[in-house]
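All remarks here apply to the structure that follows.
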Amino acid sequence: MFDYKAAFGNAVDQVRAEGRYRVFADLKRVRGEFPRAVWRREDGTERDVVVWCSNDYLGMGQHPVVVEAMQAEVEATGAGAGGTRNISGTTRSAVDLEAELAAWHHKEAALLFTSGYVANEATLTTLQRILPGLIIFSDSLNHASMIAGIRNGGCERHIYQHNDLDHLEALLAAAPADAPKLIAFESVYSMDGDIADLAGTIALARKYGALTYLDEVHAVGLYGDTGAGIAERDGVLDQIDIIECTLGKAIGVMGGYIAADAVIVDAIRSWASGFIFTTSLPPALTAGALASVRHLKAHPELRAAHQERAQALKDRFAAAGIPVMPSVSHIVPVHVGNPVHCKMISDMLLEEHGIYVQPINYPTVPKGTERLRFTPSPNHDDGMMDALVTAMDKLWTHCNVARLPAVA
């Protein structure tokens, strides 16, 4: 008989041996106290901590306007959605949210999914069913959900070097001129914090007759006059064919969506298994997301404060010689370069200093580039930053991790 348990155990042992076994911290968020939380240890004791790696970039998951909207929707409609939209119908807040999202991105329509991952996987897979012979050109650092969707469709695909438009053009030029094509890329890449050249990519798409598919999950709510993302900031919203985003990061709730021409959205709605056969988002979530989007559109000062806090932390790390990696966005990655050291520093920050930041190891990032990834919010004050830098400085010496020359 095949030893199934041994096979699973060996798989886990391999991850442990490589120093990349993941342990989930038991954290209780406290309403109104973000980024503070309560960490419960394995022995049941608790400690107050400051969270430094949440993707709830603006703390909207605890904002009164969001919480109150969700509470009101639960009181009015109950907890669940009742099933798929095809079987159980749709909720008013979902319809209103899709209209709001479409207008936000200057598109004719939007479509909700249960997560950003599902939105990417379902849409990219489905596009290959709708467009026979489609050739997809994908940035080498695209998210796992995009990679999964592209692979699942089984079409011809080409991977271009990260943010390398010369390489992308060479691949486009070599493809049949009459074949349908799609360029899939992100705006903000969440592990390095760099930003794609949207205008340059759009120009290549126009030149070679390709559609553009832009993942804005780490930019929506955070960039542009109304928070619609990098495409809004760069003035190219009307030139992107399909925009994919999440409701689970800066918007602070849960879910994902695409926005595009009405006929594109209708085709995805009609063909995508990941949409058709999945229970739809509960009305409380769509109501909370709707309240969050409307608030973010009207409060650009949140985005300004967010950018200021990110730059302040980068400056503090650099001054202390902590190897902060170059980043032109709100992402603040610190290079460690070893999975064991990365996990060790993360554990010591939590246990000894009440600072929570997850180690980022392979396969999320390439081996040898392991890092700690900080995401300061407008709620991280100077005192929190000073405590973080002091702790990092101490641990960098204790763990003998390479530094950068300190700057004044």
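Which numbered condition trips up Val328, out of (1) β-branched (Val, Ile, Thr); (2) farther than 24 Å from Glu301 by Cα; (3) surrounded by fewer than 17 Cβ atoms within 10 Å (Cβ to Cβ)? Checking Val328 against (1) β-branched (Val, Ile, Thr); (2) farther than 24 Å from Glu301 by Cα; (3) surrounded by fewer than 17 Cβ atoms within 10 Å (Cβ to Cβ), the one that fails is (2). For the criterion of being surrounded by fewer than 20 Cβ atoms within 10 Å (Cβ to Cβ) and in a loop (DSSP other than H, G, I, E, B), Gly368 passes. Among the residues of region 42-52, is there at least one that is more than 24 Å from Ser346 (Cβ to Cβ) and open to solvent by 60 Å² or more (accessible area, probe 1.4 Å)? Scanning region 42-52 turns up no residue that is more than 24 Å from Ser346 (Cβ to Cβ) and open to solvent by 60 Å² or more (accessible area, probe 1.4 Å).
Applying the criterion of being assigned to a strand (DSSP E or B) and touching a residue at least 24 places away in the same chain (Cβ under 8 Å) to the residues of region 1-41, the residue that is surrounded by the fewest Cβ atoms within 10 Å (Cβ to Cβ) is Leu27. Selection over region 356-365 of residues that are within 12 Å of His335 (Cβ to Cβ) and open to solvent by 40 Å² or more (accessible area, probe 1.4 Å) gives a count of 0. Based on what the data block shows, is Gly80 touching a Pro at 6+ places or on another chain (Cβ under 6 Å) and either open to solvent by less than 30 Å² (accessible area, probe 1.4 Å) or in a loop (DSSP other than H, G, I, E, B) (or both)? Spelling it out, Gly80 is indeed touching a Pro at 6+ places or on another chain (Cβ under 6 Å) and either open to solvent by less than 30 Å² (accessible area, probe 1.4 Å) or in a loop (DSSP other than H, G, I, E, B) (or both). When region 165-190 is filtered for residues that are open to solvent by 40 Å² or more (accessible area, probe 1.4 Å) and either modelled with pLDDT under 95 or charged (D, E, K, R) (or both), the ones remaining, listed by number, are Asp166, Glu169, Asp178.
Evaluate the following for Ile264: is it in a helix (DSSP H, G or I), on the phi < 0 side of the Ramachandran plot and not hydroxyl-bearing (Ser, Thr, Tyr)? Taking the combined requirement at face value, the residue satisfies it. Within region 121-142, residues that are assigned to a strand (DSSP E or B) have Cβ atoms under 9 Å from residues that are among the basic types (Lys, Arg) in these pairs: Ile135/Arg157; Ile135/Lys181; Ile136/Arg157; Ile136/Lys181; Phe137/Arg157; Phe137/Lys181; Ser138/Arg157, counting only partners at least 6 apart in sequence or on another chain.
The values are calculated or read from the model by the stated rules, or taken from the named source; none is laboratory data. Keep in mind that this is a model prediction, so the values were computed, not measured. Quick reminder, even Gly has a Cβ in these numbers, built from the backbone with ideal geometry, and neighbours come from all protein chains shown. For the accessible areas, the whole protein counts, side chains as well, though only heavy atoms, and no ligand, DNA or RNA atoms are used. Shrake-Rupley method; radii C 1.70, N 1.55, O 1.52, S 1.80 Å.
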